[in-house]
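Undergrad: My questions will all concern the structure given below.
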Amino acid sequence: MKNVLALMVLLWTAVPAYGQNPPVYWLLWFDTEDYIEPGSDDAAKRLAEELTKRGVKATFKIVGEKARVLEQRGRTDVLRALAAHDIGYHTDFHSVHPAPAEYLSEMGLIDGAAEFARREQAGLRTLERLFGVTPSCYGQPGNSWAPQANLALRQWGLRVYMDDGGQVGWDQQPFWYGGLLYIFNLGPHTVRADLNDPSKLDEAKRKFDAAVESARHRGGGVVHTYYHPTEWATTEFWDGVNFKWGANPERSEWKGPQKRTPESMAQAYRLFLEFVDHARATPGLRIVTAREIPEYFLPRDAAPPSGLPRKLADGLDAYDGFSAADLLLSLLGMEPQVVDGPARRGETTWAEARIPRAAFERARKDAAAFISKEKRLPDGVWLGSRRLSLADFAATLAGDEGSGAVQVRKGKLEFEKRIGTNAAKQYNWVIHPQGFAPESLLEMAKLQAWTLKPAKLR
Ligand SMILES: [Zn+2]
């Protein structure tokens with residue numbers, strides 16, 4: 001597989017028309033989630049089949065309960081049509097409360113990861129049973145994003161987080177975060193065509209072309225488009241009708257959403273497929289799935305060039321595609337590997353300007369031992385009965401000249417600027433309770449930003 005891919009890349013870059021142009025990849029994905037309105041089953045089937053006819057492989061992120069309902073309704077035809085595409089995961093119940101951000105806002109990193117796994121893994125197993133593959137990716141319902149999910153997803157063998165949101169990002173292109181390749185927060189590189197207004201189609205095509213051009217201008221990149229099959233079946237969302245602002249009615253009380261007329265349905269397919277045909281005709285654009293996309297990026301774990309880790313002394317951030325965690329591991333003499341950020345924010349209680357060499361060396365060994373054992377960064381290091389926060393420890397280590405007493409440096413947490421602010425805004429979703437503002441999740445996102453770095457194309 002790798003060799004075939006290498007050959008394809010070789011052949012592809014050998015063609016002059018492509019060779020001059022940096023690669024641009026397009027991901028088309030569908031959150032396949034409506035387990036109430038049966039018309040959305042037909043929509044999923046028709047979309048999958050129309051795309052297959054056109055040779056376009058999309059990614060369908062499927063809700064566990066949606067897959068079970070398809071099975072109960074005897075819709076093996078829908079499952080078969082979907083199986084021709086890539087299969088991703090989109091939670092077990094999507095909008096039945098508590099949604100992921102609701103239950104994870106009350107939890108820490110490790111207990112939260114365990115709770116996410118406990119609540120969500122039944123749906124993952126359903127998809128594995130029905131499709132015979134581990135889903136390629138995960139994405140949260142609505143904007144119910146939480147960093148604890150990363151640990152569980154990695155453990156399940158998923159490599160990609162694909163969705164949209166404002167909680168974390170890197171320059172509107174894919175990035176590595178919590179050990180996963182994130183296709184997330186791509187700004188203007190996220191383009192959709194309106195399914196209801198034909199007069200807006202040309203504008204959507206122009207926006208698509210501009211996004212491709214922008215990605216190419218950056219030396220290559222990713223553009224994505226997402227929908228929900230249910231958008232072709234109904235005029236309102238199945239979950240807004242039932243689970244709005246924290247409502248949680250019993251199943252017997254669930255109501256069906258308003259359906260499209262046959263005319264508006266036909267128009268929605270026509271507009272969408274014309275948009276897809278426009279993408280297909282875009283010169284040099286590669287249409288890929290979430291399963292394929294990691295292969296187009298440089299490996300996640302590599303050793304940074306010597307000298308680079310010392311940049312942490314001036315500011316804690318990713319440099320040249322290496323995360324602050326990567327650089328810290330290198331300073332500690334450790335092999336490149338996935339680690340999580342600290343579970344808590346530590347405080348510095350060491351008051352002097354210098355640290356005796358022997359005490360600092362002990363702290364350094366202890367930090368490396370902790371990381372080896374826990375596969376996560378400690379929140380600080382002990383110097384006898386006092387402490388350095390992880391940030392101050394990393395900056396001090398990076399600035400250490402290696403002789404005499406060690407000069408203490410304050411760590412500047414530059415990477416935290418890449419985390420969204422204002423939880424009320426970031427989590428404003430019609431399904432969350434009104435006023436839901438989980439600042440704790442943005443704080444946890446900042447702690448995990450030690451692992452944040454841009455993903456570089458091969
Ligand atoms: Zn969804």
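The values are calculated or read from the model by the stated rules, or taken from the named source; none is laboratory data. The shown structure was predicted, so the numbers you read here are calculated from the model rather than taken from an experiment. Cβ atoms come from the backbone with ideal geometry, glycine included; neighbour counts cover every protein chain shown.
Undergrad: Restricting attention to helices (runs of 4 or more DSSP H) lying wholly within region 355-458, give those where 2 or more residues are crowded, with 23+ Cβ neighbours inside 10 Å and within 21 Å of the chain's Cα centre (by Cα).
TA: 439-448
Undergrad: Also: May I ask you to list the residues in region 315-338 that are assigned to a loop (DSSP other than H, G, I, E, B) and either aromatic (Phe, Trp, Tyr) or farther than 21 Å from residue 171 by Cα (or both)?
TA: Matches in region 315-338: 332, 333, 334, 335, 336, 337, 338.
Undergrad: Of the conditions (1) more than 11 Å from the chain's Cα centre (by Cα); (2) within 16 Å of the ligand (Cβ to nearest atom), residue 172 satisfies every one except a single condition; which number is it?
TA: (2)
Undergrad: Do any residues in region 131-150 that are at negative phi have Cβ atoms under 6 Å from those of residues that are of a type in the set (D, E, K, R) and in a loop (DSSP other than H, G, I, E, B), where the two are at least six apart or on different chains, and which pairs are they?
TA: Every condition considered, the pairs that remain are 136/291; 139/163; 140/163.
Undergrad: Go through region 274-308 residue by residue and tally those that are in a loop (DSSP other than H, G, I, E, B) and within 21 Å of residue 31 (Cβ to Cβ).
TA: So the count comes out to 4.
Undergrad: Only one of these is touching a residue at least 12 places away in the same chain (Cβ under 8 Å) and under 30 Å from residue 452 (Cα atoms): 304, 283. Name it.
TA: Result: 304 is the single residue among 304, 283 that is touching a residue at least 12 places away in the same chain (Cβ under 8 Å) and under 30 Å from residue 452 (Cα atoms).
Undergrad: Let me ask something else about it. Quick check on region 113-123: of everything there that is under 17 Å from the mean Cα position of the chain (by Cα) and either at pLDDT below 95 or of a type outside the set (Asp, Glu) (or both), which residue is nearest to the ligand (Cβ to nearest atom)?
TA: It comes out as 116.
Undergrad: Does residue 58 satisfy the criteria of being assigned by TED's automatic domain parsing to the domain that holds residue 139, within 16 Å of the ligand (Cβ to nearest atom) and over 23 Å from residue 256 (Cβ atoms)?
TA: yes
Undergrad: Further, regarding this structure: Taking only pairs six or more apart or across chains, which ones have beta-carbon atoms under 6 Å, a first residue in region 86-101 that is closer than 16 Å to residue 247 by Cα, and a second residue that is of a type in the set (Gly, Ala, Ser) and within 11 Å of the ligand (Cβ to nearest atom)?
TA: Between residues of region 86-101 that are closer than 16 Å to residue 247 by Cα and residues that are of a type in the set (Gly, Ala, Ser) and within 11 Å of the ligand (Cβ to nearest atom), the close pairs are 99/144; 100/144; 101/144.
Undergrad: Anything in region 141-166 that is in a loop (DSSP other than H, G, I, E, B) and either farther than 16 Å from residue 116 by Cβ or within 16 Å of the ligand (Cβ to nearest atom) (or both)? List them, or say none.
TA: The answer is 141, 142, 143, 144, 145, 146, 159, 163, 164, 165, 166.
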